[in-house]
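Scroll down for the structure; my scribbles are underneath it.
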Amino acid sequence: MLDVNHVPELLAAIPRQLELPPPLRDFLQKRGPMTTVANELRRFPRFYYPVSARMSSEQTLPALPRDIGHSVVLTKDLSRTGIAILHTEQFYPGEVLKLWLPCGEKQLLVVRCKQTAEACFEAAGFFV
Amino acid sequence: MWEISLDALDASKSSHVLRIERRVVTSAVCLKSAKPPKPERRYVSIPIATLDPTYCHELDLYQQFGEQEDHRLFRGRDFPLSDDDLEKLRARGVTRLFIRAGEQRAYQSYLRENLSNFVEDESLPATQRFQILNQVTQDCLQETFERGDVSETVEASRDMGRHTVNLMNRTDLVAQDVFSMIKHDFHTFTHSANVCSYSVLLAKGLGIVAPAQLEEIATGALLHDVGKTGIPYELLTKPGGLSDDERELIRSHPTVGFARLCRREKLTWGQLMMVYQHHERMDGKGYPVGVKGDEIHPWGQLCAIVDVFDALTSDRPYHRGQHITEVLSYLERESGRGLDSEMVKCWTSIMSRNC
């Protein structure tokens, strides 16, 4: 896991177009488990996980065949079953992405995506 | 007789007597429950315009007498309906017959198989054909939504979408006919059928004329709320305020619907965007993604307008349906903010011209 000293490197690795809104900039400094809520439905705790990772598209949708190619994403948080990432592109539920994380290669099935700034989408999903 | 009322027991009786009496009552209950259950006596009304003597011979048809629930067999499988019977019924001003509730599925499959005969029957007025189609669409959606079979829902929606466009292209149905004939209640499948008809009207108003494209829009509209099938009915019709979790669950329906349909080869991107983006708003304040402006597919924008229109004009458990002029004023206020101004202008012009 990267420590706080790596933040400048992280910022340098973020794609130039990716626009992080202020609340998301704070998470770059954070480490450890994320706070939970009383009626949390997630089975496993999530951890702050601000690292940059290489990404490619593994499986697109029949109605949207597109080539995303290789790019860099900023990961946000991680649990045993899934991960949240930040990227300039919008991803759609059902798409499968391949991520090269420091902990190894993972395939991510996108479950949801939200736009957090003009050029910043937060996508989250499960490892498959 | 065995029945003895416990209320009649004198409180001063000893507990011994009370025990005996209670046993007698229990026996009476047992005797009563030993009777065979009453057969299914519920009946569902069906318009006689949907009955074709050549094909509906598998149905037992009943007639209602008086105000009470007095149904008597009119024609059965062994003595099927004839053209002559239909003529006589029409001459007497009878417009509806009844079937047993248990036979509803057989009736629906009969309707689906013979729907094109009715939709293309030039001898029936366009409004009546629309009414039949609308009813069949709602029934079909209810059946397939409740069964939870996505493939069948998609197929049924494509069928119904094709028929809707076919009817609206062939006849002189105007917005007023459509508005006055649809139901204004809160069921998801009723709403979907309404949104389908409205979407075709708006698409035509915007200049889309190709039947294939209109059919795609109609099908997309029928499927736009498919993600709601996983949400408990009690929550969808909850009259009071919603908790954050409940609101979150309801707001997940575009994503859930999209995830269910996104691997279907037969659906186009525009149709999927009607499912995924019909709650997005031009100013970015919608959900699930929060995209704005041109990032919303035109069909998603179109679906958003008719979805809001039907939601506000229909009665829901949590609000009464508003008058059409109030709803059109609301849409105009939202024009250029949450909803596309050109499309709102087109929709208000279609509706105010005819309604």
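For this structure, a couple of remarks:
- Residue list for the stretch B:148-163, filter: among the hydrophobic types (A, V, I, L, M, F, W, C) and either touching a Lys or Arg at 6+ places or on another chain (Cβ under 6 Å) or within 16 Å of B:THR229 (Cα to Cα) (or both): B:VAL150, B:VAL154, B:ALA156
- Spans of strands (runs of 3 or more DSSP E) in the stretch B:53-129 with at least 1 residues among the aliphatic types (A, V, I, L, M) and touching a Ser or Thr at 6+ places or on another chain (Cβ under 8 Å): B:96-100
- No other residue among A:GLY104, A:GLY69 is more than 11 Å from every other protein chain (Cβ to nearest Cβ) and at pLDDT 85 or above apart from A:GLY104.
- Qualifying positions in the stretch A:107-128 - among the aliphatic types (A, V, I, L, M), within 12 Å of chain B (Cβ to nearest Cβ) and in contact with a strand residue (DSSP E or B) (Cβ under 7 Å, 6 or more places away or on another chain): A:LEU109, A:VAL110, A:VAL111, A:ALA123, A:ALA124
- One residue alone among B:HIS184, B:HIS163 is buried (at least 21 other Cβ atoms within 10 Å of the Cβ) and more than 20 Å from B:VAL44 (Cβ to Cβ), and that residue is B:HIS163.
- Of the strands (runs of 3 or more DSSP E) that lie entirely inside the stretch A:25-128, those containing 1 or more residues that are surrounded by 13 or more Cβ atoms within 10 Å (Cβ to Cβ) and touching a helix residue (DSSP H, G or I) at 6+ places or on another chain (Cβ under 8 Å) span A:52-59, A:71-78, A:82-87, A:104-117, A:120-127.
- Within the stretch B:191-210, restricting attention to residues that are free of Cβ contacts under 8 Å to residues at least 60 places away in the same chain and under 24 Å from B:LYS228 (Cα atoms), the residue that is surrounded by the most Cβ atoms within 10 Å (Cβ to Cβ) is B:CYS196.
- Which numbered condition B:LYS228 misses (of (1) within 14 Å of another protein chain (Cβ to nearest Cβ); (2) of a type in the set (Lys, Arg); (3) touching a helix residue (DSSP H, G or I) at 6+ places or on another chain (Cβ under 6 Å)): (1)
- The set of residues in the stretch B:270-284 being more than 25 Å from the chain's Cα centre (by Cα) and either under 24 Å from A:PRO62 (Cβ atoms) or within 11 Å of another protein chain (Cβ to nearest Cβ) (or both) consists of B:GLY284 alone.
The values are calculated or read from the model by the stated rules, or taken from the named source; none is laboratory data. Not measured: the values here are computed from a predicted model. Please note: Cβ atoms are built from the backbone with ideal geometry, for glycine as well, and neighbour counts cover all protein chains shown.
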